[in-house]
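Report on one structure; see the data block that follows.
The values are calculated or read from the model by the stated rules, or taken from the named source; none is laboratory data. All figures in this text were calculated on a predicted structure; none of them were measured in a lab. In this analysis, Cβ positions are derived from the backbone assuming ideal geometry, glycine residues included, and neighbour counts consider all displayed protein chains. All accessible areas refer to the heavy atoms of the entire protein, side chains included, with ligands and DNA or RNA removed. Shrake-Rupley method; radii C 1.70, N 1.55, O 1.52, S 1.80 Å.
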Amino acid sequence: MSQYPAFSLDLFRLDGQVAVVTGSGSGLGNVFARALGTAGATVVSADIDLAAAEKTAEEIRATGGTATSITVDVSDPDSVETMSATTLKEHGRLDILVNNAGIASPADRIHDMLLEDWDRVNAVNTRGVFLCTKVVLPQMMVQKKGSIINISSVAGLGGVSNDLSAVAANYSASKGAVATFTKQVAVEYGKEGIRCNAIAPGWHLGTQLGREALPLSEADIAAMVGKLHELTPLNRTGNPEELAGLLVYLASDAASFMTGQVIAHDGGWTSW
Ligand SMILES: NC(=O)c1ccc[n+]([C@@H]2O[C@H](COP(=O)([O-])OP(=O)(O)OC[C@H]3O[C@@H](n4cnc5c(N)ncnc54)[C@H](O)[C@@H]3O)[C@@H](O)[C@H]2O)c1
């Protein structure tokens with residue numbers, strides 16, 4: 001007889017679990033936070049923009065879920081420590097971490113790239129993922145269970161043209177580091193019941209990431225979107241909501257034997 005429970009959709013439920021989502025104030029982070037709330041988790045919505053974090057928490061509460069908000073700068077160790085300590089004080093446990101906060105920069109080629117742009121992107125995208133992971137691991141080790149989900153990118157799996165939105169070497173290198181860090185956490189902490197996986201999204205438009213970093217005319221955007229469709233087997237870009245199922249799966253006991261994986265969610269982009 002297997003010790004593992006027979007399959008049931010209940011395995012996807014997250015009732016009684018506490019989930020921290022960084023960068024939850026907009027874009028994919030908002031989708032992830034709401035999805036975890038829908039699956040029953042108590043959500044800590046954490047963003048450098050407190051008003052945006054609270055708006056996401058309010059959306060979760062408005063649909064019958066449980067959520068609080070907190071301001072965090074994931075690149076700042078003290079701020080990250082406060083996020084974790086406040087979560088434990090208010091909710092008593094910490095089961096799920098979604099390292100979603102991330103930024104891009106102008107899509108300069110490497111020989112033109114400013115050192116400060118390299119450092120600024122890596123401070124959030126790699127240092128931030130390290131700091132947030134480091135701070136939750138001790139509690140997950142006490143609980144002998146935890147699920148960490150890092151948000152990498154298809155840009156972290158291979159080279160991508162600078163023509164396509166805000167993809168530059170600082171961004172792709174940071175997302176590659178996130179993919180490898182994911183595997184390192186999985187290997188180091190598997191014996192302690194902690195799983196760590198990454199999602200590598202392709203383009204999920206409807207978010208601000210590309211446009212803020214690289215202001216484009218409407219004609220440029222139309223040309224870029226056309227090129228993205230051409231390069232994607234499913235011939236379209238993703239909708240952020242389409243990522244919700246994968247995120248909840250990785251967070252839940254339905255994925256109890258999944259760790260160290262970097263899963264592209266990209267309409268087939270990486271399958272050519
Ligand atoms: N949208 C996509 O198509 C796409 C594709 C691949 C990967 N990603 C990754 O997904 C994640 C979310 O992207 P998005 O498109 O939703 O971006 P977004 O810009 O819409 O949201 C990012 C959020 O992170 C917050 N943030 C920024 N710096 C922070 C910091 N230092 N501390 C805490 N919060 C901070 C912002 O306030 C914002 O709410 C990023 O890691 C991004 O690299 C996105």
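Annotations for the structure displayed:
- In the set (1) farther than 19 Å from L243 by Cβ; (2) within 15 Å of the ligand (Cβ to nearest atom), L114 fails one condition alone, (2).
- Here V248 does not fit the description of being in a helix (DSSP H, G or I), at pLDDT below 95, surrounded by 14 or more Cβ atoms within 10 Å (Cβ to Cβ) and in contact with a Leu (Cβ under 9 Å, 6 or more places away or on another chain).
- Any hit, region 133-148, residues being within 11 Å of the ligand (Cβ to nearest atom), crowded, with 24+ Cβ neighbours inside 10 Å and not hydroxyl-bearing (S, T, Y): no
- Check on A173, open to solvent by 10 Å² or more (accessible area, probe 1.4 Å), closer than 29 Å to I96 by Cα and away from the ligand (no atom under 11 Å from the Cβ): yes
- Within region 111-128, residues that are under 18 Å from V185 (Cα atoms) have Cβ atoms under 6 Å from residues that are at pLDDT 95 or above in these pairs: N125/G102; N125/S174; T126/S174; T126/A177; R127/S75; G128/V74; G128/S75; G128/A101, counting only partners at least 6 apart in sequence or on another chain.
- Within region 47-63, no residue that is free of Cβ contacts under 8 Å to residues at least 60 places away in the same chain and under 22 Å from G128 (Cα atoms) sits with its Cβ atom under 7 Å from a residue that is of a type outside the set (D, E) and exposed (fewer than 14 other Cβ atoms within 10 Å of the Cβ) at 6+ positions apart or across chains.
- Residue count for region 171-209, restricted to those that are at pLDDT 95 or above and part of a helix (DSSP H, G or I): 22.
- T38 meets each of the listed conditions (1) hydroxyl-bearing (S, T, Y); (2) surrounded by fewer than 24 Cβ atoms within 10 Å (Cβ to Cβ); (3) more than 16 Å from Y249 (Cα to Cα) apart from (3).
- The set of residues from region 210-244 being open to solvent by 80 Å² or more (accessible area, probe 1.4 Å), within 22 Å of the chain's Cα centre (by Cα) and modelled with pLDDT under 80 comprises R211, E212.
One line per residue, one yes/no per condition, for (1) more than 16 Å from the ligand (Cβ to nearest atom); (2) open to solvent by 70 Å² or more (accessible area, probe 1.4 Å); (3) touching a His at 6+ places or on another chain (Cβ under 8 Å); (4) of a type in the set (A, V, I, L, M):
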| site | (1), (2), (3), (4) |
| --- | --- |
| G29 | no, no, no, no |
| T42 | yes, no, yes, no |
| S45 | no, no, no, no |
| D49 | no, yes, no, no |
| A57 | no, no, no, yes |
| T63 | yes, yes, no, no |
| S69 | no, no, no, no |
| V74 | no, no, no, yes |
| T82 | no, yes, no, no |
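- Any chance L11 is in contact with an Asp or Glu (Cβ under 6 Å, 6 or more places away or on another chain), away from the ligand (no atom under 13 Å from the Cβ) and in contact (Cβ under 8 Å) with a residue 24 or more places away in the chain: yes
- Residues in region 1-27 that are modelled with pLDDT of 95 or more and of a type in the set (S, T, N, Q): S8, Q17, T22, S24, S26.
- Here T87 meets the list (1) open to solvent by 40 Å² or more (accessible area, probe 1.4 Å); (2) within 16 Å of the ligand (Cβ to nearest atom); (3) farther than 30 Å from A166 by Cβ almost entirely, failing just condition (1).
- Restricting region 149-170 to residues that are more than 20 Å from I199 (Cβ to Cβ) and not in a helix (DSSP H, G or I), the residue that is least open to solvent (accessible area, probe 1.4 Å): A168
- Hits in region 151-165 (condition: within 9 Å of the ligand (Cβ to nearest atom) and not hydroxyl-bearing (S, T, Y)): I151, V154, A155, G156
- Candidates in region 16-27 are the residues that are more than 11 Å from the ligand (Cβ to nearest atom) and open to solvent by less than 10 Å² (accessible area, probe 1.4 Å); of these, the one that is farthest from the chain's Cα centre (by Cα) is V18.
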